[in-house]
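**Q** Once you've had a glance at the structure underneath, I'll fire off some questions.
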Amino acid sequence: MSATANPALFRKLPSTDELLQRPEVLKLTQQEGRTAVADAIREVLSHLRGEITASRLNEASLDLALAGLPSAIERQLRQSLSYSLRPVINATGVILHTNLGRAPLAPAALDHVRVAAAAYSNLEYDLDSGDRGKRDVHVDRLFKRLFDKYGENTELSTIVVNNNAAAVLLALNSLAEGVEVIVSRGELVEIGGSFRIPEVMSKSQATLREVGTTNRTRIEDYERAITGSTRLLLRVHRSNFAITGFTEQPTLPELVDLGRRRNLPLLEDLGSGSLFDLRSVGIDHEQTVFDSLRAGIDLVTYSGDKLLGGPQAGVITGRAALVGRLRSNSLFRALRVDKLTYAALEATLLAYVRNDLETLPALRMMRVSKDDIACRAEAVAANVGAQDLEIKLIDGESVIGGGAAPTAVLPTRLLALTHRSLSADELCRRLRQFDPPVISRVEEGRVLLDLRTVFPEEDTAITCSLQSLA
Ligand SMILES: *Cc1c(COP(=O)(O)O)cnc(C)c1O
């Protein structure tokens with residue numbers, strides 16, 4: 001208690017039991033149970049005690065707060081019983097926004113998750129033989145169809161773990177525990193959320209052998225570093241940055257050739273792992289999973305919820321013999337995914353097999369034209385009576401995000417907002433307070449909304465939010 005806090009104010013606070021007897025509170029107890037209501041009362045009282053201690057309440061303002069106690073208790077109760085994980089409207093223009101949950105799932109994936117989750121399933125049960133089956137078969141068959149023509153003469157196989165970080169950990173531990181892995185200094189990356197290649201390497205018990213320099217690494221650097229204890233070559237996609245200027249990196253064919261000559265498998269952490277050609281959206285330097293397999297990479301790892309457009313997962317595709325070594329590692333059991341992930345992934349992959357890419361929201365957003373976005377932005381602007389809010393349409397750029405094509409941008413049309421009495425930061429904060437919250441970005445004193453990442457059916461919610469700010 002601070003020296004200035006007034007002890008008389010504490011004595012005015014009613015007890016939890018007293019409050020539980022009040023008619024308005026009794027009504028809540030009947031709806032939600034005594035325990036939840038008592039918890040809400042304690043939260044509210046503890047907040048008031050804090051305010052008194054900090055001398056933020058005087059006699060008069062405390063009386064006001066006490067008069068409003070029942071409604072404060074109800075608000076607290078509703079909040080504690082509602083979901084904390086909520087949908088938001090992503091108006092940032094970052095398609096695979098890690099903080100906003102990366103790829104939204106396709107309707108077919110949601111349906112399949114619902115059906116698979118609500119009932120028993122043949123997750124690990126072979127319906128022909130009645131024996132125990134493998135959970136990977138449900139997606140491996142689809143990956144096989146997609147990768148059919150890339151395996152040259154080797155059989156390709158795919159397994160799935162919790163995320164790509166887990167995939168890299170599993171691959172390194174299975175193929176290089178206690179021995180050396182060669183990697184370029186220019187690829188010792190950190191991905192958001194503290195995924196650092198050197199740290200994953202040390203957790204995997206593989207020994208890191210760095211070669212080259214940050215900006216230049218040549219194939220001879222790899223070759224010279226090979227010793228009797230080298231077991232693996234690692235290539236990491238520079239997901240979230242680009243090194244430009246005086247740079248050099250061995251090509252995939254050079255690395256593949258070196259691996260074959262020295263009998264060392266080549267593992268590639270591709271990060272985003274696109275299963276469609278980004279040239280169709282004007283991005284011509286993002287390597288796809290097909291590119292890696294075509295070039296002869298032995299094992300490639302990638303995320304399920306980045307450019308693939310599915311659930312969080314780490315996918316490992318490669319030569320069946322190597323994948324078999326990963327599968328028999330006990331870590332694989334610890335990192336395995338559940339039936340919900342398999343269901344969502346199976347439905348997502350089926351969209352690729354059917355060439356039904358428009359049904360995958362992340363891919364659809366990448367393909368929406370600037371004209372379409374401009375049209376929708378104009379409609380939103382036209383429907384907001386701008387009294388206090390000034391809305392302009394300006395050209396801008398959307399990004400893919402999620403560590404894909406770090407330098408690639410998609411042209412877009414932005415709603416640029418300025419408010420007569422609110423700062424851009426305050427306006428951005430107000431937008432977050434709507435239900436659903438609208439997530440925007442601030443640039444040069446303006447709030448920018450990019451409808452590329454907004455579902456068209458959410459345009460109305462944005463319009464209403466802006467109307468109430470105007
Ligand atoms: C995103 C990324 C990862 C981490 O993938 P998660 O699925 O988030 O675990 C690892 N490596 C690269 C190159 C990435 O881009």
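**Q** Over the chain, average the accessible area per residue using a 1.4 Å probe and give it in Å², no decimals. Can you show the working numbers first?
**A** Working: 22960 Å² over 470 residues.
For the chain, the per-residue accessible area is 49 Å².
**Q** Here is a further query. Can you give the local net charge around K12? Use residues other than it whose beta-carbon is closer than 14 angstrom to its beta-carbon, Lys and Arg +1, Asp and Glu -1. Before the final figure, lay out the partial values.
**A** On the way: positive: R11, R49; negative: E18, E51, E59, D63.
Taking every Cβ under 14 Å from that of K12, the sum is -2.
**Q** Counting each DSSP H run of 4 or more residues in the chain as -39500 (n - 2.57), what helix-only mean residue ellipticity at 222 nm follows after dividing by all residues, to the nearest 500 deg cm²/dmol?
**A** On the way: 20 runs with 199 residues, N = 470.
It lands at -12500 deg cm²/dmol.
**Q** Any chance you could run the full-extension gain for L188 through D63? It's 0.36 nm times the residue separation minus the Cα-Cα distance, nm to one decimal.
**A** On the way: separation 125, 0.36 × 125 = 45.00 nm, distance 6.04 nm.
Working it through step by step, the gained length comes to 39.0 nm.
**Q** While we're looking at this one, here's another question. Measuring from label point to label point, each 7 Å out along Cα→Cβ, what is the E444 to C375 span in nm?
**A** 2.8 nm
**Q** If I model a spin label at T227 and E426 as a point 7 Å from the Cα along the Cα→Cβ vector, what separation in nanometres do I get?
**A** For the pair T227/E426, the computed spacing is 6.3 nm.
**Q** Within the stretch 159-178, find all residues whose amide N lies under 18 Å from a label point positioned 7 Å from the Cα of K134 along Cα-to-beta-carbon.
**A** It comes to 159-162, 167, 170-171, 174-175, nothing else.
**Q** Contour minus end-to-end for E177 and R262, with contour as 0.36 nm per residue of separation and end-to-end as the Cα-Cα distance? Could the numbers behind the result be given before it?
**A** Values: separation 85, 0.36 × 85 = 30.60 nm, distance 1.90 nm.
Computed gain between E177 and R262 is 28.7 nm.
**Q** What FRET efficiency comes out for S330 versus T214 if R0 is 35 angstrom and r is the Cβ-Cβ distance? Round to the nearest 0.05. Display every interim value, and only then the final one.
**A** On the way: r = 36 Å, r/R0 = 1.03.
Here the calculated transfer efficiency is 0.45.
**Q** Per 0.36 nm of contour for each residue apart, how much would the distance between A461 and E124 grow if the chain were fully extended, relative to their Cα-Cα spacing? Each step should come with its number before you reach the end.
**A** Details: separation 337, 0.36 × 337 = 121.32 nm, distance 4.30 nm.
Full extension of this stretch gives 117.0 nm more.
**Q** On to the next question. Spin-label point model (7 Å from Cα, Cβ direction): what's the E254 to D284 distance in nm?
**A** Modelled inter-label distance: 2.2 nm.
**Q** So, one more: Tally up the carbon and sulfur contribution to the accessible surface of the chain as a whole percent, 1.4 Å probe, everything protein left in place.
**A** C and S fraction of accessible area: 48 percent.
**Q** Which value, in debye to the nearest 20, describes the size of the charge dipole of the chain about its Cα centre when Lys and Arg Cβ atoms bear +1, Asp and Glu Cβ atoms bear -1, and nothing else is charged? Don't jump to the answer; show the numbers that get you there.
**A** Details: 56 positive and 60 negative charges, 151 e Å.
The calculated dipole for the chain is roughly 720 debye.
The values are calculated or read from the model by the stated rules, or taken from the named source; none is laboratory data. If you're wondering where the values come from, they're calculated on a predicted model, not measured in any experiment. Cβ coordinates were reconstructed from backbone atoms using ideal geometry, including for glycine residues, and neighbour counts include every protein chain displayed. With ligands, DNA and RNA removed, areas are computed over all heavy atoms of the protein, side chains included. Shrake-Rupley method; radii C 1.70, N 1.55, O 1.52, S 1.80 Å.
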